[in-house]
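Peer 1: The structure that follows is given in the form of structure tokens.
The values are calculated or read from the model by the stated rules, or taken from the named source; none is laboratory data. Keep in mind it's a predicted model, so treat the numbers as computed, not measured. Here the Cβ positions follow ideal geometry from the backbone for every residue, glycine too, while neighbour counts run over all protein chains shown.
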Amino acid sequence: MEADATILKTLKVRVKDKHAAVLKQWAFECNQVWNEANATTADYSYVPVAGVGWIRNTFTAFDLQKVMKGFNGERGFTLHSQTIQEVIATHAKARKQFKTDKPKSVLDAGWSMLKTQLDAKSKAMQGVFLEVNEAYSTQACSCCGSISVNSPKGRAGLGIREWTCPDCGELHDRDVNAARNILTAGHCRLAGGIPRL
């Protein structure tokens, strides 16, 4: 008994859409609306309060639509207003994913997993894994250890990338200084001795 031979033919067709230019323009405009929504929510998410610092503001899709009213006409976009409202609603929904009662809980889950893996690997290699408290690591001078008035503090201090210690005169980069302080704290923990397992 012979098997019937199957013949497979592939038809290749290239379809050129006459609306490709318009669709490309609309995709660009949707991207611009998303970028503007992102910038606007970043500006309105935290409100400065004198003497207190920054207070987190709940900025809803409805608030964002009020602020971005007329955005379509200002830029000369051809998108329909309902499309812009849908992009804004999707943007607000995406931002809500990281807003919880514990704002850092979602982001800390990654660090928690990393710490768990480092602990497991160090035990497998018969090593020791110890955490170092990084509190005040950006504020304390890595040369003399003093915490000065002009060192970066809190959310307002995030914009300060470089600062000079008034006690020793050392110029510090915020991230490098914090790394040196954390390294020094780790070395102190090791010098103090590792508890017996």
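Peer 1: Output the number of the condition that ASP63 fails; it satisfies all remaining conditions of (1) within 30 Å of LEU158 (Cβ to Cβ); (2) surrounded by fewer than 14 Cβ atoms within 10 Å (Cβ to Cβ); (3) out of contact with any strand residue (DSSP E or B) (no Cβ under 6 Å at 6 or more places or on another chain).
Peer 2: With respect to (1) within 30 Å of LEU158 (Cβ to Cβ); (2) surrounded by fewer than 14 Cβ atoms within 10 Å (Cβ to Cβ); (3) out of contact with any strand residue (DSSP E or B) (no Cβ under 6 Å at 6 or more places or on another chain), ASP63 is out only on (2).
Peer 1: Which one of the conditions (1) at pLDDT 75 or above; (2) surrounded by 12 or more Cβ atoms within 10 Å (Cβ to Cβ); (3) within 24 Å of GLY51 (Cα to Cα) does VAL149 fail to meet, given that it meets all the rest?
Peer 2: Here VAL149 clears every test but (2).
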